[in-house]
Structures are given as structure tokens and as C-alpha cells.
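Undergrad: Can you read through this structure? Questions will come right after.
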Amino acid sequence: MIELKDLCKTFNASSGTVEALKDINLTINDGEIFGIIGLSGAGKSTLVRCINLLERPTYGSVIIDGKDMTQLSRSELLKMRRSISMIFQGFNLLEQRSVLRNVTFPLEISGVKLSDAKKKAMELLKIVGLEQKAAAYPAQLSGGQKQRVAIARALATDPRYLLCDEATSALDPNTTRSILELLDQINQTLGVTIVVITHEMKVIDQICDRVAVIDQSRIAEVGKVSDVFTNPKSEIARELILPQDRAALDTTGGQKLRLIFDGNYSQEPLLSKLILECQAPINIIFADTKEYEGAIYGHMIIELPSDYRQADKVITWLRSSPIKWKEED
């Protein structure tokens, strides 16, 4: 388990002191995939680097498996870091080493015999689907392949925790999807706790169990992905989750409502019932729904008829229905 308590991080700059993190309190449970999302400059990369003390917090505690990382000696800290691996946006592979030798590198540093290191590296390359590329060099790989090598290398020390700092930001959508599927597989089969740092809600939505939204160095919101996705409470969460529908709200016409799908009644044709029973022409001007754990989550913006009597019928029907909804400005 990872516990962050009253975590603060400040930097000294020419313009004065910069507070990168302010009063961060988070608990990341063993075995979950936990997302941290925020805009550029919000503090999310600093936060993940504080977890393994690549950045030492100015105040507060980082407690991993019951041990306060900030209180450990250098040798104790190095030992703890073996259980915490990290992958980055830029892959950080050693260009002069083959794929195999990139994966063996952390094992060699730890004093593992090269023959044993190579054997384990091949097992890891098989997990990430690149055993046939063992003799290749990074320059010969695609971006997705490079990230798979980086993941294999990160797993070489049998970590309990894997920190992913914008690990898919440099990849195209299809490659991103395959890397996220690989991370999910690693979580399921190896039991590795994964922390995902990103500015993209689609990344969080695909694999995370819970998410923390960070804004201006503070945690704005924490919750299950399905809860935050369907009912974001903070302004920054709404901006991150609902960015595409701003133009939709500028259309002229009748009153606009947002329908919220929270996983209940996924198999019922409620919208069809609304239209048929109210005999009202409903205009769907935006929709974004996802399947999560077998249920449908998301939201839809509809425009009501300009005729106030038909619009009133729809609102009356919605008030007596199980659909969650709210008016849009």
C-alpha cells in the first residue's frame, strides 16, 4: 500500500518559491491500477517522482508497505526502490545495448549473473510480446515496441509497484491501447500495483480502478473512475472529462439537458421510451459513453423541442424516470 500524508514539495526559482505540491493526501491500495490526472503543470509528475523519492518531499510522509520512505537511510532507500519501478514517456532505453541487454541492465547492476539475467530477460520479453526482437537495437523499434522493452526492463527486479509517467503520451491511439492492455494484463497476472500519470481521461477510463484529479498542486477530487466519469464534482474534472461538448452547448434551439448513465439500467432502451411516450422530437447533440465492468457509463446532451409543451412533457417524464439528468447552461 502507498500512503501519502500531508505531502508538500517546493522549489526555489528565480521568481521565488514555487509550490509544486500542496497538502497531498492519498492512499493507493495493493493490486489496483490508480490514475492521477491533471493538466500540464498541475504537479502530477512531481507527485509520482515523490513516491519513489526521486524528488524528496519538502514536508509530509511517503509510506510504502508501512515504511516511511523519507526516514530511511540511503541503503534502506535503495533496497526499497527495487520494489518500485518506473516507465517514462521517452522510453529512456540505452541505444548502444540490444533489447535483451536493455532488459538485463537493472539485473546486472544488482549483481545478478549475466546468464541468469539473460534468462529472466527473455521471460519478460515473452510477456511483452517481443522475444523475437531480443537481438535488435532501440533504433530498429517502433515507439510501441520501445515502450514494451521499457516495461520489460521495469519488471526485471520483480517490483511490487510500477509508476507510469505519461507512458503513452508519445504513442498513437492504437499503440496506446495495446500498451494499456499490456499494463492491465501485468496487473492481473503479476499482481503489480500500477500508478498511471496522464493528462488524458481516455487512458484513465481504459484501465484504472480509481483516479485522483490534481489541479494547481492540490488534489481536487478522488474516486472510482465510473463515479468521477459520470458525475465530476470539481471544475477541473469537468474540464478534463467533458472537453468535447463545449461547442455543442453553443447551438441554437431548445433547452439542453445532460443525461447521465451511471451503470444502472444499461440494457433498457430508456431514451427510446422517452421519445415514444412523449411523442417529442429529441435532438441528440453530443454523446460519450463507455462500457466499464459490463455496464454503460457516460453522458449525453439532448436538445428539447422549441415547443414548450413538448419540452415540459419530456421534463415531466424524466422526473419520474430512473435516468439521472441535469440542465445545461
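The values are calculated or read from the model by the stated rules, or taken from the named source; none is laboratory data. Bear in mind the structure is a predicted one, so any value in this text is a computation, not a measurement. With ideal geometry, Cβ positions are generated from the backbone for all residues, glycine too; neighbour counts draw on all protein chains shown.
Undergrad: Step by step: first the residues of the stretch 207-243, then only those that are assigned to a loop (DSSP other than H, G, I, E, B) and among the small types (Gly, Ala, Ser), then the one that is modelled with the highest pLDDT. Which residue is that?
TA: Keep residues of the stretch 207-243 that are assigned to a loop (DSSP other than H, G, I, E, B), which gives 208-209, 216-217, 231-234, 242-243.
Checking which are among the small types (Gly, Ala, Ser) leaves us with 217, 234.
Numbers: 217: 90, 234: 84.
Among those residues, the one meeting the criterion is 217.
Undergrad: Among the residues of the stretch 288-313, which ones are outside any strand (DSSP E or B) and either touching a strand residue (DSSP E or B) at 6+ places or on another chain (Cβ under 8 Å) or at positive phi (or both)? Full working, then the answer.
TA: From the stretch 288-313, those outside any strand (DSSP E or B) are 293-294, 304-313; that's our starting set.
Listed by number, the residues that qualify are 293, 294, 304.
Undergrad: Only one of (1) of a type in the set (Val, Ile, Thr); (2) over 28 Å from residue 203 (Cα atoms); (3) surrounded by 15 or more Cβ atoms within 10 Å (Cβ to Cβ) is not met by residue 316, so which one is it?
TA: (3)
Undergrad: Within the stretch 153-176, can you find the residues that are more than 20 Å from residue 43 (Cβ to Cβ), touching a helix residue (DSSP H, G or I) at 6+ places or on another chain (Cβ under 6 Å) and charged (D, E, K, R)?
TA: Within the stretch 153-176, just 153 meets the criteria.
Undergrad: Let me ask something additional. Here are some conditions: (1) more than 27 Å from residue 83 (Cβ to Cβ); (2) not in a helix (DSSP H, G or I). Residue 174 meets all but one. Which one does it not meet?
TA: Of the numbered conditions (1) more than 27 Å from residue 83 (Cβ to Cβ); (2) not in a helix (DSSP H, G or I), the odd one out for residue 174 is (2).
Undergrad: Look through the stretch 287-329, keep the residues that are out of contact with any Leu (no Cβ under 8 Å at 6 or more places or on another chain) and of a type in the set (A, V, I, L, M), and return whichever of them is farthest from residue 255 (Cα to Cα).
TA: Here the answer is 295.
Undergrad: For the stretch 262-313, what are the residues that are within 30 Å of residue 207 (Cα to Cα) and among the charged types (D, E, K, R)?
TA: 262, 268, 288, 290, 291, 293
Undergrad: Determine whether residue 285 is in a strand (DSSP E or B) and over 18 Å from residue 231 (Cα atoms). Working first, answer last.
TA: Details: in a strand (DSSP E or B): yes; over 18 Å from residue 231 (Cα atoms): yes.
So residue 285 passes the test.
Undergrad: Starting from residues that are within 31 Å of the chain's Cα centre (by Cα) and hydroxyl-bearing (Ser, Thr, Tyr), keep the ones in the stretch 90-135 and report whichever is farthest from residue 158 (Cα to Cα).
TA: 98
Undergrad: Still on this structure, I have one more. Test of understanding: among 276, 318, 259, which residue is at pLDDT 80 or above, in a strand (DSSP E or B), out of contact with any His (no Cβ under 6 Å at 6 or more places or on another chain) and not charged (D, E, K, R)? Please lay out each step first, then the result.
TA: Values: 276 fails: in a strand (DSSP E or B); 318 fails: in a strand (DSSP E or B).
Answer to the selection: 259.
Undergrad: Looking at residue 118 and the list (1) in a strand (DSSP E or B); (2) over 17 Å from residue 161 (Cβ atoms); (3) in contact with a helix residue (DSSP H, G or I) (Cβ under 8 Å, 6 or more places away or on another chain), which single condition is not satisfied?
TA: Unmet for residue 118, out of (1) in a strand (DSSP E or B); (2) over 17 Å from residue 161 (Cβ atoms); (3) in contact with a helix residue (DSSP H, G or I) (Cβ under 8 Å, 6 or more places away or on another chain): (1).
Undergrad: Quick test for you: out of 189, 230, pick the one residue that is of a type in the set (S, T, N, Q) and touching an Asp or Glu at 6+ places or on another chain (Cβ under 7 Å).
TA: Details: 189 fails: touching an Asp or Glu at 6+ places or on another chain (Cβ under 7 Å).
The conditions single out 230.
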